[in-house]
Amino acid sequence: MDSQLSVMIEAIHISPTMAVAIVSGGGARSLAWLLGVPGASSTIMEARVPYSARAMRDVLGREPDRIVSPATAEDMALAAYRRAVGMRADGAPVVGISATAAIASDRPKKGGHRCFVASWTDTAVTTYGLTLVKGLRDRSAEDKLVSRLVVRALAEACGVGAELALDLDESERVEVATRSHGDPVEELLSGAVDSVTVRPDGAMLADEPFTGGVLAGSFDPFHQAHRALARAAGEIIGADVVFELSVLNVDKPPLARAEIDRRLAQFTGIGTVVLTRAPTFREKAELFQGCTFVVGWDTAVRLVEPRYYGGDEADMATALAAIRHHGCRFLVAGRVEGGVFHTLEEVRMPAGLEDLVSAIPEAAFRNDLSSTELRLAVPGP
């Protein structure tokens, strides 16, 4: 490792930014360099090298149209960023860094030798494209070049300004493109994305996959009973529970942006909220496949009331079957209504769908607060 590279990596490690890296086809030497300089644990949270098609599907969640392309590099960087967001501590800045390359191997390639490197941050994605002169370098030299470009991209994402020499041929040049992320909430309201995950530190990420528990509500206001229910449910299912707020409602106008921001502010430093455009549980199940919905007794009653499906029992059965088809189920907490504590035992599930619900024992959770009562208790203007 030359001194310029070593100094740049030292500067990366000193910066507060933490990273997850995913590289495929070339650039793996960058990981060895980054891990080989003292202070690597301050920067690198995780590194992956998916070489097989199956491993790439595992990273992206699907088969990419082309392995070596700007779009795939961005998708890999986004996957790395999502991992980084999930592991970030104390609101530290994070970056997902990726590389996908087709370089010299033990057999001639029909296509060109090229690479695409991408960095994904909270605010933007930057893609670096480079086509190499075929036959000018052996595999080791091409991999070294791709690896230096990975380090350069990471340095720029970390705010380290020094230029890293790449030793390019006069006919070679790095094409750089940066695209700022739009406002995720506005994209949700417009229908451009299906969900926005909002972390306790305010960081937002569109269309982030999630498995675990989902506690849906209007959260007007969000109160300690919601928090207690999420904790109890999480202990029962052995997984994280997020709060879900739909910006659309079956029988009310969509939430205005100012109202969304007001309700989100309640969760700052407390819990993760997922904003959606899914007012019904059938729609929620399509977004949160395999998840457990945490609900109160009153919601469980509405699930099996045909009048909430236009009076059509067949529509109700179809909706519940679709929810189960997506691998979702319900965890039901008891609730006081009319001075009586009601439980799941009073809810009559349609035949064949009994396994869709299970109860939270009263000993595990009982809290008689309600958002309606809290709103009524607040004096008017």
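For the range 128-145, indicate whether the set of residues that are buried (at least 17 other Cβ atoms within 10 Å of the Cβ), assigned to a helix (DSSP H, G or I), touching a residue at least 12 places away in the same chain (Cβ under 8 Å) and among the acidic types (Asp, Glu) is non-empty. Give the steps one after another, and end with the answer.
Step one: of the range 128-145, the residues buried (at least 17 other Cβ atoms within 10 Å of the Cβ) are 128-130, 132, 137, 142-145.
Within this subset, residues satisfying the condition of being assigned to a helix (DSSP H, G or I) are 142-145.
The next check asks that each one be touching a residue at least 12 places away in the same chain (Cβ under 8 Å); those that pass are 142-145.
Then keep just the ones that are among the acidic types (Asp, Glu); that gives 142-143.
Within the range 128-145, one or more residues are buried (at least 17 other Cβ atoms within 10 Å of the Cβ), assigned to a helix (DSSP H, G or I), touching a residue at least 12 places away in the same chain (Cβ under 8 Å) and among the acidic types (Asp, Glu).
Considering only the range 215-313, give the strands (runs of 3 or more DSSP E) lying wholly within it that have at least 1 residues that are buried (at least 21 other Cβ atoms within 10 Å of the Cβ), of a type in the set (D, E, K, R) and assigned by TED's automatic domain parsing to the domain that holds Arg199.
Details: elements: 241-246, 273-276, 292-296.
Correct list: 241-246.
Report yes if some residue within the range 70-87 is surrounded by fewer than 19 Cβ atoms within 10 Å (Cβ to Cβ), among the small types (Gly, Ala, Ser) and either part of a loop (DSSP other than H, G, I, E, B) or touching a helix residue (DSSP H, G or I) at 6+ places or on another chain (Cβ under 6 Å) (or both); otherwise report no.
no
Tell me, yes or no, whether the range 151-161 has at least one residue that is outside any helix (DSSP H, G or I), out of contact with any Pro (no Cβ under 9 Å at 6 or more places or on another chain), at pLDDT below 90 and outside the structural domain of Asp207 (by TED's automatic domain parsing).
Scanning the range 151-161 turns up at least one residue that is outside any helix (DSSP H, G or I), out of contact with any Pro (no Cβ under 9 Å at 6 or more places or on another chain), at pLDDT below 90 and outside the structural domain of Asp207 (by TED's automatic domain parsing).
Just one of Arg82, Arg57 is more than 24 Å from Gly159 (Cα to Cα) and either touching a Phe, Trp or Tyr at 6+ places or on another chain (Cβ under 6 Å) or at pLDDT below 90 (or both); which is it?
Working: Arg82 fails: more than 24 Å from Gly159 (Cα to Cα).
So the residue among Arg82, Arg57 that is more than 24 Å from Gly159 (Cα to Cα) and either touching a Phe, Trp or Tyr at 6+ places or on another chain (Cβ under 6 Å) or at pLDDT below 90 (or both) is Arg57.
Could you tell me whether any residue of the range 31-38 is within 14 Å of Val117 (Cα to Cα), within 26 Å of the chain's Cα centre (by Cα) and not aromatic (Phe, Trp, Tyr)? Walk me through it before giving the result.
At the first step, the residues of the range 31-38 found to be within 14 Å of Val117 (Cα to Cα) are 31.
Filter again for within 26 Å of the chain's Cα centre (by Cα), leaving 31.
Filter once more, keeping what is not aromatic (Phe, Trp, Tyr): 31.
Checked the range 31-38: at least one residue is within 14 Å of Val117 (Cα to Cα), within 26 Å of the chain's Cα centre (by Cα) and not aromatic (Phe, Trp, Tyr).
If I ask for residues that are crowded, with 16+ Cβ neighbours inside 10 Å and charged (D, E, K, R), which ones from the range 325-346 would you list?
Arg329, Arg335
Being closer than 12 Å to Ala79 by Cβ and either of a type in the set (Val, Ile, Thr) or touching a His at 6+ places or on another chain (Cβ under 9 Å) (or both) is the filter here, so list the residues in the range 24-61 that pass it.
Val59, the sole residue that qualifies.
Which of the residues spanning the range 23-65 are in contact with a strand residue (DSSP E or B) (Cβ under 7 Å, 6 or more places away or on another chain) and either in a loop (DSSP other than H, G, I, E, B) or at positive phi (or both)?
Within the range 23-65, Gly25, Gly26, Gly27, Thr43, Val49, Pro50, Tyr51 meet the criteria.
Kindly provide the set of residues from the range 182-200 that are in contact with an Asp or Glu (Cβ under 8 Å, 6 or more places away or on another chain) and either in a loop (DSSP other than H, G, I, E, B) or over 27 Å from Ala89 (Cα atoms) (or both), ordered by number.
Answer for the range 182-200, where residues must be in contact with an Asp or Glu (Cβ under 8 Å, 6 or more places away or on another chain) and either in a loop (DSSP other than H, G, I, E, B) or over 27 Å from Ala89 (Cα atoms) (or both): Val193, Asp194.
The values are calculated or read from the model by the stated rules, or taken from the named source; none is laboratory data. Please read all numbers here as calculations on a predicted model, not as lab measurements. So basically every Cβ, Gly included, is an ideal-geometry build from the backbone, and we count neighbours across all protein chains shown.
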